[in-house]
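Asks: Mind looking over this structure? Questions follow.
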Amino acid sequence: MTAAAELSDIEATLGRYSSLTREAMQRYLRDRTPSRYLYDLVRDYPSRAGKGIRPSLLLATCQAFGGSVDQALGPAVAIELAHNAFLIHDDIEDDSFQRRGRPTLHRMYGTPVAINAGDALAVLAMQPLRDGTPLGTRLSQRVSDEFVHMLTRTIEGQAIELGWRADNVVDLEPIDYLELIGQKTCWYTTVWPLRVGALIGSAGTASLDAITRFGFYLGAAFQIRDDMLNLVGDETEYGKELLGDIREGKRTLMLIHLLGRASADERRSLVAFLARAGRRPDVPDGPAPEIDAEGILELMVHYSSLEFAYQFGQGVATAAYESFHDAFADVPPSPSRGFVEALIPYMLARVS
Amino acid sequence: MSRPEADGRARPHPAGEFGPFQALTALTDVQRSGLDAATEVVRGFADLLDMTPPPGPQPPPDPADDREPVNGHEPDLAQLRVIVVRALDLYADLVRRSFEGYADLMDQMVRSRGVELDSGRGGLLALQGAAGARATGTVWMHNTTAQRTSGVPRLTDLASHDGSVVPASAARFQPATLAIEPSASTSATVEVALGNVAPGVYRGHVLARGLPDAALPVRLLVRADEDRS
């Protein structure tokens, strides 16, 4: 099978799981009022076609461990709603222009109502977990506990990233980046879906340590690729404005690599650019930086920072392969198990 | 500027190029640094997990672990374990829900006293009036059940010790019918016409058509006409 065919197979499976989740989510969100100032906004991002990696990973893992889609659909809806809540607030924090190919919610409706819609999605995300019928009380409680834990970790990670930008922290190493994305991305993108899928599929009997390790590696590969797509992806496919991460001063692997390789003059310009990008409202603008986002991308190409990130991501993916076989050692071969394994190369090959 | 490929090089990396079959020894230095850094972070990452309940007493070794394959197949104990755990969960939920349902029923029975009548001042409706005039009072109806209910209050004949009677037809209730929501109360005014009624004390009951268990004792004091005020 060719690489392109593998990619399209994975995306077709993602599409099926995502479609199931989206239908359940729409059933859950419909007929709520007031629509004009709240639920129309709440339904907006979930109606835009995303990849659905999180619910797909959860549903497939549940099936691989012996459970059914119906058992895991509530948590799949919960994580997708929480994801959309995070997106709304992230877009405001970063003042992003585009999300999934369309204007961001706060650009369309204004920041105050967008913040409120994000709050509503975060609260609504808890509700599908409260119906204990499909899972039983014990497992439902466990899944809810895991959900709160995941939200906490994600918010803590986001706080660290915002803090680095506000304080213009530049003395960072790749390991700092991995620790950051372990919190802000991996918990809710891969670790929680994998853990909860395994818990539900195994009725709470699965050992989760190896699952957690695998989730971290898989999520790290996902985020590294996401950061790269923000620089060199196809804007139509990627759905967000390119170079947004540079303009916002995000501490990506490429930026950290560049900061370590740039000449003294280049580094000084970079630090000035980052100071301006992350400045707090109470801090006056300094002089205009000597470099812009396009110039920084040129430096990244010049110093092979993108190549570094790709190679580094391949190392992380190698760790993911190793840990997958630990995590799924007791799981018999099945299409859903194969799908989860195929997500490892997909994370570094995807174009959107 | 022209955009580079996603990896910063001209050649795209197809999916699956880098898979589990690539020997770890073939890793480049950067790939190795990625693997090592990620492995190091995972050690600390796992320490953040405080979701797992504290370990209890270690179970004895499972003798099934040493079992020989049966007909060349390992018994699928993991699957069996999942089925048993799931069944126990369902059974535990069933027991819990049955208990809660039973407890709710008992609670309702203990709290529910059906539909009750009273005067607002206790279990006796005390009326008084001058002979030839009218006696008025208030009857309260309390619904302690979980269903909406209604009743038509009526007065029985009121009798005195010497056999004199104030006929039931002398009483009027306003409103004539009382409809009550669950766990709610409502009232009606009762008015008894005392024309041609001899002074004395008369006794009887307020009943309610449609509510066979509801009854409120009544004591009517009829004063002599000259006491009329």
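The values are calculated or read from the model by the stated rules, or taken from the named source; none is laboratory data. These numbers were taken from a predicted model, which means no experiment stands behind them. Counting neighbours? That spans all protein chains shown, and the Cβs are built from the backbone with ideal geometry, glycine included.
Asks: Please report, ordered by residue number, the helices (runs of 4 or more DSSP H) entirely within segment A:200-298 with at least 1 residues that are closer than 30 Å to A:Thr61 by Cβ.
Replies: Where helices (runs of 4 or more DSSP H) fall fully within segment A:200-298 and carry at least 1 residues being closer than 30 Å to A:Thr61 by Cβ, they are A:209-232, A:235-238, A:244-248, A:253-261.
Asks: Given the options A:Gln223, A:Gln141, name the one that is surrounded by fewer than 17 Cβ atoms within 10 Å (Cβ to Cβ), more than 10 Å from chain B (Cβ to nearest Cβ) and of a type in the set (S, T, N, Q).
Replies: On inspection, the qualifying residue turns out to be A:Gln141.
Asks: Follow-up question, since we're still on this one. Filter segment A:228-241 down to the residues that are more than 11 Å from chain B (Cβ to nearest Cβ) and buried (at least 20 other Cβ atoms within 10 Å of the Cβ) and list them by number.
Replies: Across segment A:228-241, the qualifying residue is only A:Lys240.
Asks: Looking at segment B:65-86, which of its residues are more than 9 Å from every other protein chain (Cβ to nearest Cβ) and at pLDDT 80 or above?
Replies: B:Leu80
Asks: Of the residues that make up segment B:155-162, is at least one hydroxyl-bearing (Ser, Thr, Tyr), assigned by TED's automatic domain parsing to the domain that holds B:Gly195 and not in a loop (DSSP other than H, G, I, E, B)?
Replies: Scanning segment B:155-162, I find no residue that is hydroxyl-bearing (Ser, Thr, Tyr), assigned by TED's automatic domain parsing to the domain that holds B:Gly195 and not in a loop (DSSP other than H, G, I, E, B), so the answer is no.
Asks: For A:Asp70, indicate whether it is closer than 30 Å to B:Arg81 by Cα, in contact (Cβ under 8 Å) with a residue 60 or more places away in the chain and surrounded by fewer than 21 Cβ atoms within 10 Å (Cβ to Cβ).
Replies: yes
Asks: Follow-up. Report whether or not A:Glu179 is under 16 Å from the mean Cα position of the chain (by Cα) and over 30 Å from A:Phe65 (Cα atoms).
Replies: no
Asks: Among the residues of segment A:325-340, write down those that are more than 8 Å from chain B (Cβ to nearest Cβ) and either buried (at least 20 other Cβ atoms within 10 Å of the Cβ) or not in a helix (DSSP H, G or I) (or both).
Replies: A:Ala327, A:Phe328, A:Ala329, A:Val331, A:Pro332, A:Pro333, A:Ser334, A:Ser336, A:Phe339, A:Val340
Asks: Would you check which residues across segment A:242-251 are surrounded by fewer than 21 Cβ atoms within 10 Å (Cβ to Cβ) and within 14 Å of chain B (Cβ to nearest Cβ) and list them?
Replies: A:Leu242, A:Leu243
Asks: Still on this model: Which condition number in (1) more than 13 Å from chain B (Cβ to nearest Cβ); (2) crowded, with 23+ Cβ neighbours inside 10 Å; (3) in a loop (DSSP other than H, G, I, E, B) is the one that A:Leu135 fails?
Replies: (1)
Asks: Right, A:His149: surrounded by 17 or more Cβ atoms within 10 Å (Cβ to Cβ), of a type outside the set (Gly, Ala, Ser) and within 13 Å of chain B (Cβ to nearest Cβ) or not?
Replies: yes
Asks: Could you tell me which numbered condition B:Val197 fails, if it satisfies all but one of (1) assigned to a loop (DSSP other than H, G, I, E, B); (2) surrounded by fewer than 16 Cβ atoms within 10 Å (Cβ to Cβ); (3) at pLDDT 90 or above; (4) not small (Gly, Ala, Ser)?
Replies: Checking B:Val197 against (1) assigned to a loop (DSSP other than H, G, I, E, B); (2) surrounded by fewer than 16 Cβ atoms within 10 Å (Cβ to Cβ); (3) at pLDDT 90 or above; (4) not small (Gly, Ala, Ser), the one that fails is (2).
Asks: Answer yes if at least one residue in segment A:71-80 is within 14 Å of chain B (Cβ to nearest Cβ) and at pLDDT 95 or above, and no otherwise.
Replies: Applying the first criterion (within 14 Å of chain B (Cβ to nearest Cβ)) to segment A:71-80 yields A:71-72.
Retained after the next criterion (residues that are at pLDDT 95 or above): A:72.
Yes, some residue in segment A:71-80 is within 14 Å of chain B (Cβ to nearest Cβ) and at pLDDT 95 or above.
Asks: Exactly one condition in (1) hydroxyl-bearing (Ser, Thr, Tyr); (2) within 14 Å of another protein chain (Cβ to nearest Cβ); (3) surrounded by 11 or more Cβ atoms within 10 Å (Cβ to Cβ) is not met by B:Ser119; state its number.
Replies: Here B:Ser119 clears every test but (2).
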